[in-house]
Amino acid sequence: MGVHSRTFASFFISFLLFFYASSESNDGTVRVGLKKLKLDPNNRLATRFGSKQEESLRSSLNEFRSKDNNLGGSGDADIVALKNYLDAQYYGEIAIGTPPQKFTVIFDTGSSNLWVPSGKCYFSLSCFFHAKYKSSRSSTYKKHGTRAAIHYGSGSISGFFSYDAVTVGDLVVKNQASYYLFEFIEATSEPGLTFLVAKFDGLLGLGFQEISVGNATPVWYNMLKQGLIKKPVFSFWLNRDPKSEEGGELVFGGVDPKHFKGEHTYVPVTQRGYWQFEMGEVLIAGKSTGYCGSGCSAIADSGTSLLAGPTAVIAMINKAIGASGVASQRCKTVVDLYGQTILDLLLANAQPKKICSQIGLCTFDGTHGVSMGIESVVDVDNKKSSSGIRDAGCAPCEMAVVWIQSQLMQNMTQARIVNYINDMCERMPSPNGESAVDCSQLSKMPTVSFTIGGKVFDLAPEEYVLKIGEGPVAQCISGFTALDLPPPRGPLWILGDVFMGRYHTVFDFGNEQVGFAEAA
């Protein structure tokens, strides 16, 4: 996680949400309500997706996870989602033990473990500012003891597994038999500022067991095994109205018809772990970006505030909405040296995926370009020298190919295309992933759309721009952030709260599918 308390810190007034009530209805569902709290303007976390490879590419990336760089791995240390909040992060109350000890946790569809601070956490400052689980006070506690560690892009927790009863709303997930033993992590170390400033104590994962650290059984699985809910389904309604006191609702066991319009569009889960599915084309003002024409992978993630995607497309979107970031000199150098060559090769019908290897910036592995690992020094007196690019020029080159392709599809002139790709470099996101927009220009910004299950899902400017504050101190942030997860897991799109706030989302565990409908 990255903590960016300096950027716009003096202007930020945002909301965090916590669960204020839960009730079990006669339709076999359990409803968990959400309510809003003011967020300390100086304590703001941005949303990122991370993995070991991404850390080397993006230093501290908006958040997330991988199991030893693949799904299904096990062991004491794994990479999982970074759960941060920008405008609002949805979290709520659970209890562990008998009598119940209460904690606030993020309900996160992008990970699968439950962890809370331990009473044995003595040397991390974060633990002194959050509720701590004390096993000696619980009559249902059972020792486990296996060590566990979860690593994030800018933070981590470590500790050990324990067994106990867990209460979610009115449902008590018990450890009454070996089949139902419930594992959670007692965190004894929470270094860094990330968890120190967090408004939540821990995290409760709602993903598949394939990405569970230590292969621990997720809470959701135990709720099903014990017959505590009627259907193997849960759904999120996230209220994005900043003036509303009602924050939203998480329903275990079904859906609430009051919170969506029409019918859900369902797509199958393509890979167990995250709630991952196939997504179609991304459009800006109704025009194709050309990036996902043959399909892209995406996940629905309740623990991510923003909407993340490959840098090449995010930069296109941010340019279209007038977002400004920090210029990337590396990008500009690649465009200066090879922009015209890339354009000429595309006009000559060269295979786009092979262009960057053809000009010597990447090695083609059969599906995409990869860095050759060759270091060189930029010759400032002769910028046309091929020795002026480091091995990191591979990624900017592939972005340039995408941008030029997009312009060629729109029949732009060569002069316009060259100006466009130079401007794209200027629109690269800030190092912390944020891009600012002019609040007064909302009405002029285009609709950004995503194709899922053959249906186009639109996001209007007021839905993808996060407006913080009012009047002259108001600040607006693009809801789109860059994520470059390499194959085979990537490219990957993360449809976080920016998308789920607009579209009511159903996580159908029984049929292994995800559904989206317009939120009401």
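The values are calculated or read from the model by the stated rules, or taken from the named source; none is laboratory data. For clarity, every value in this text was computed on a predicted model and none was experimentally measured. Positions of Cβ are backbone-derived with ideal geometry, glycine not excepted, and every protein chain shown enters the neighbour counts. These area figures cover heavy atoms from the full protein model, side chains too; ligands, DNA and RNA do not enter into them. Shrake-Rupley method; radii C 1.70, N 1.55, O 1.52, S 1.80 Å.
Extension gain, Thr363-Ala460: 0.36 nm per intervening residue step, less the Cα-Cα distance, totals 31.0 nm. Note that segment 227-235 has calculated 3J(HN,Hα) couplings of x, 7, 10, 6, 10, x, 9, 9, 9 Hz, one per residue in order, obtained from phi through the Karplus relation 6.51 cos²θ - 1.76 cosθ + 1.60 (θ = phi - 60°); glycine and proline are x. The H on the amide N of Glu183, modeled in the peptide plane, is under 5 Å from the matching H of Thr217, each at least 5 residues off or on a different chain. On the beta carbon distance between Glu246 and Lys120, with R0 = 45 Å, the FRET formula returns roughly 0.75.
For Tyr291, nonlocal amide neighbours, meaning residues 5 or more places apart or on other chains whose placed amide H falls under 5 Å from its own, are Val282.
Taking each residue as 0.36 nm, the span from Asp423 to Thr447 lengthens on full extension beyond its C-alpha to C-alpha distance by 6.6 nm. Fully extending the segment from Gln351 to Val172 would add 58.7 nm, taking 0.36 nm per residue of separation and subtracting the current Cα-Cα distance.
The residues of segment 257-362 present an accessible area of 38 Å² per residue when probed at 1.4 Å with all protein chains retained.
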